[in-house]
Amino acid sequence: MAPISTPDDPLSDEGLERLFSSLTQASGILIAVSGGPDSMALMHGLARWASLKRRPPIHVATVDHGLRPEAADEAAFVAREAALLGLPHRTLLWTGEKPATGIQEAAREARYRLLVDHAREMAASHLVTAHTLDDQAETLMMRLARGSGLSGLAGMRRDTDRRGIRHVRPLLGLPKSHLLDHCRHQGWRFVTDPSNADERYARVRWRRLMPLLAAEGLTAERLARFAERAAQADEALDAKAREAFDRGEPFIEAGILSFQAKILTDEPFDIALRVLELALGEAGLDLDNSRLHRLEACTERLRQAAGAGEALSLTIAGAHLRLTQAGRVSVGPEPPRHRGR
């Protein structure tokens, strides 16, 4: 990769040092590369970064979901391009039956499962993906349309944990157009995924709407800035919820977590909501974002019952919540149901 002459360009040598600064202490790095311009720019950028100083070992992986006949050729293309950069490559196959509905979400879950497992196999501590500013804006609009809460509106995080592997998105502040122009300028080859134009997928439909939103001032940059502010607020509320939860004298006995219900009534609703979500997590019963409205309803019922000194029993997402008249909430697995009795 030829160096870029402009020092403030994010893909110049100086820019690469800033983009990938969080990776310097990694034990190993796995790059997810599909072959599109975003991920090819990421692979070339990391290869250049690795050539400048002594860096952690870098591996490349492409996930073939088995959904398109072209996918195998695209993975082989990435393997050849990675080899030219001196980077080892592996194609990861999603095998087995595919769901008839919700295929994109299922494919996403399978993709990250395969990538995290491969990162462990390669002794890599970090997984790097090429999500961009445009991806962040589209994600935000999709979550807003689904009625997501503040945590969802924080968008994709630059650094998250995936079963002990750090997932880093260093290109999250860069527009796709910059990466595409860079690939063309540098002569880096890439492939075009036809599913990116398939309007059966929600993300593609939102992508078509983004220019109209931008014309009204709702640009990708402004949406991404909103996500950053939402993330800051979300982090602050999580910290307050943790403080409140700890004041509730939580303890676990025989696999059942319990805490003082008073914190649900003493705190504002959103803190109480997060306390309950935290309790579910501590009990190993994480709630996905699509069930936020049910968690809100449970929180409201618990607050009302606790305020009135009443007992209450309810279930949510495989969890059994029980409020005693003595004022403690217990959280445990929902008991098995005996149908027909």
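The values are calculated or read from the model by the stated rules, or taken from the named source; none is laboratory data. Please read these numbers as outputs of a predicted model, since none were measured by experiment. With ideal geometry, Cβ positions are generated from the backbone for all residues, glycine too; neighbour counts draw on all protein chains shown.
A few points about this structure:
- In segment 290-317, the residues that are over 19 Å from E267 (Cα atoms) reach residues that are among the small types (G, A, S) with C-beta atoms within less than 6 angstrom, at least six apart or across chains, in these pairs: R291/A317; L312/A305.
Condition check ((1) buried (at least 19 other Cβ atoms within 10 Å of the Cβ); (2) among the hydrophobic types (A, V, I, L, M, F, W, C); (3) assigned by TED's automatic domain parsing to the domain that holds L213) across all residues:
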site: T139; (1), (2), (3): yes, no, yes
site: L144; (1), (2), (3): no, yes, yes
site: R158; (1), (2), (3): no, no, yes
site: G164; (1), (2), (3): no, no, yes
site: P170; (1), (2), (3): yes, no, yes
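- Residue list for segment 205-220, restricted to those being assigned to a helix (DSSP H, G or I) and surrounded by 15 or more Cβ atoms within 10 Å (Cβ to Cβ): W206, R207, M210, L213, A214, A220
- All conditions in (1) touching a helix residue (DSSP H, G or I) at 6+ places or on another chain (Cβ under 7 Å); (2) in contact (Cβ under 8 Å) with a residue 60 or more places away in the chain; (3) exposed (fewer than 13 other Cβ atoms within 10 Å of the Cβ) hold for V329, with the sole exception of (3).
- Scope segment 28-46; condition touching a residue at least 60 places away in the same chain (Cβ under 8 Å) and touching a strand residue (DSSP E or B) at 6+ places or on another chain (Cβ under 8 Å); matching residues: G28, I29, L30, I31, A32, V33, S34, G35, S39, L42, L46
- Residue under evaluation H320, criteria (1) part of a helix (DSSP H, G or I); (2) of a type outside the set (A, V, I, L, M); (3) modelled with pLDDT under 95; (4) over 30 Å from S195 (Cα atoms), criterion not met: (1)
- Across segment 247-277, the number of residues qualifying as farther than 18 Å from G332 by Cα and not aliphatic (A, V, I, L, M) comes to 8.
- For segment 249-269, the condition of being assigned by TED's automatic domain parsing to the domain that holds T324, out of contact with any Ser or Thr (no Cβ under 9 Å at 6 or more places or on another chain) and of a type in the set (V, I, T) holds for at least one residue.
- Filtered residues of segment 57-104 (kept if β-branched (V, I, T), within 16 Å of G36 (Cβ to Cβ) and in a strand (DSSP E or B)): V60, T62, V63, T91
- Any chance S148 is buried (at least 17 other Cβ atoms within 10 Å of the Cβ) and either touching a Gly at 6+ places or on another chain (Cβ under 8 Å) or at positive phi (or both): no
- Among residues of segment 1-27 being over 28 Å from the mean Cα position of the chain (by Cα) and β-branched (V, I, T), the one that is modelled with the highest pLDDT is T6.
- Residue in segment 1-8 that is in the same structural domain as P194 (by TED's automatic domain parsing) and among the charged types (D, E, K, R) present: no
- Residue in segment 268-279 that is assigned to a helix (DSSP H, G or I) and at pLDDT below 90 present: no
- S51 modelled with pLDDT of 95 or more, in a helix (DSSP H, G or I) and either over 29 Å from Y201 (Cβ atoms) or of a type in the set (A, V, I, L, M, F, W, C) (or both): yes
- Test result for L174, part of a loop (DSSP other than H, G, I, E, B), in contact with a Ser or Thr (Cβ under 8 Å, 6 or more places away or on another chain) and farther than 24 Å from V116 by Cβ: yes
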